[in-house]
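Please read the structure below before turning to the comments.
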Amino acid sequence: MTDIIKMQFNNPNDFEQKLYDFKIIFAYHSGKIENNKITFHDTRDIFENGKVTGYTGDLKTLFEIENQKTCYEFLKPYILDKKDLDIKLIKKVQYELTKGTYDEHRYNINKERPGEFKIHDYVTGVNEVGSNPKDVENDLNELLDELNNSQINDHFIAGVYFHARFEHIHPFADGNGRTGRTLMNYYFMIHNIAPVIIYNEDKQEYYEALEKFDTLDELKPLINFIKKEQIKTWDKKQSNNSKNINTFLLED
């Protein structure tokens, strides 16, 4: 795809400069898709100041925002080193994104743990997709074998395919959406492709594109959607930053 936006990082400072706004806005939207209590205000405070002031919400929401920040920091050296995805890294990303956030039923009754593959089956979407728990690791290894194939010549399509298959496998008891979106961007960045924000206001189209893959094995709707979101991501980045922030604050 010739019209995909490319991005390279020369060093840690270059990385931070290029992704300074992106990391906050991505964390906000990726979290808000699944948790309406997340606000841009609190997300920005945690990323920029390491704390929030006057917070009156539940602790799970605060943990989810903080986890987005720690996951970003954790992945930074791996992205710069262009480390291939593997099972260990996938588990670590999911752990960083979900630690302290599992509900009582999952944690105490079902004995599920962040950073570990699901023990039980969970209904996922109208089509109840998801690998059987005993098949999760094998299904992910097969996906990684496809993904890390040196013959791939279109890493944008490969990254979108990975996201669709990852969500179809649904390897964890919780946090699969946040993990899948983070890992897709990870794959993009280690192949010099600009990462993507999936905007909360576009989530219905996002879910419908994933459902097309689940039911009809059609990847093109998701490819087109992610491509459109990438353009939207970096067009916003190039516009006035104060306008962007005011827009997000109005959503809260």
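The values are calculated or read from the model by the stated rules, or taken from the named source; none is laboratory data. Since the structure is predicted, the reported quantities are computational estimates derived from the model, not experimental observations. Ideal geometry is used to build each Cβ from the backbone, glycine not excepted, and the neighbour counts take in all protein chains shown.
Here are the numbers:
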| read-out | value |
| --- | --- |
| Selection within segment 53-81 - farther than 20 Å from residue 26 by Cβ and modelled with pLDDT of 95 or more | 81 |
| Cross-chain or 6+ apart pairs with Cβ under 9 Å, segment 45-66 first and in contact (Cβ under 8 Å) with a residue 24 or more places away in the chain and under 15 Å from residue 178 (Cα atoms), then buried (at least 19 other Cβ atoms within 10 Å of the Cβ) and basic (Lys, Arg) | 64/178 |
| Subset of segment 99-118 (residues that are surrounded by 14 or more Cβ atoms within 10 Å (Cβ to Cβ) and among the hydrophobic types (A, V, I, L, M, F, W, C)) | 117 |
| Unmet criterion (only one of (1) under 22 Å from residue 29 (Cβ atoms); (2) in a loop (DSSP other than H, G, I, E, B); (3) free of Cβ contacts under 8 Å to residues at least 24 places away in the same chain) for residue 95 | (2) |
| Total residues in segment 186-228, condition touching an Asp or Glu at 6+ places or on another chain (Cβ under 9 Å), aliphatic (A, V, I, L, M) and closer than 20 Å to residue 20 by Cβ | 4 |
| Considering residues of segment 175-220 that are farther than 17 Å from residue 29 by Cβ and of a type in the set (S, T, N, Q) only, the residue nearest to the chain's Cα centre (by Cα) | 192 |
| Unique residue being closer than 25 Å to residue 110 by Cβ, at pLDDT 95 or above, among the small types (Gly, Ala, Ser) and not in a loop (DSSP other than H, G, I, E, B) when the list is 159, 180 | 180 |
| Residue 223 under 17 Å from the mean Cα position of the chain (by Cα) and crowded, with 21+ Cβ neighbours inside 10 Å | no |
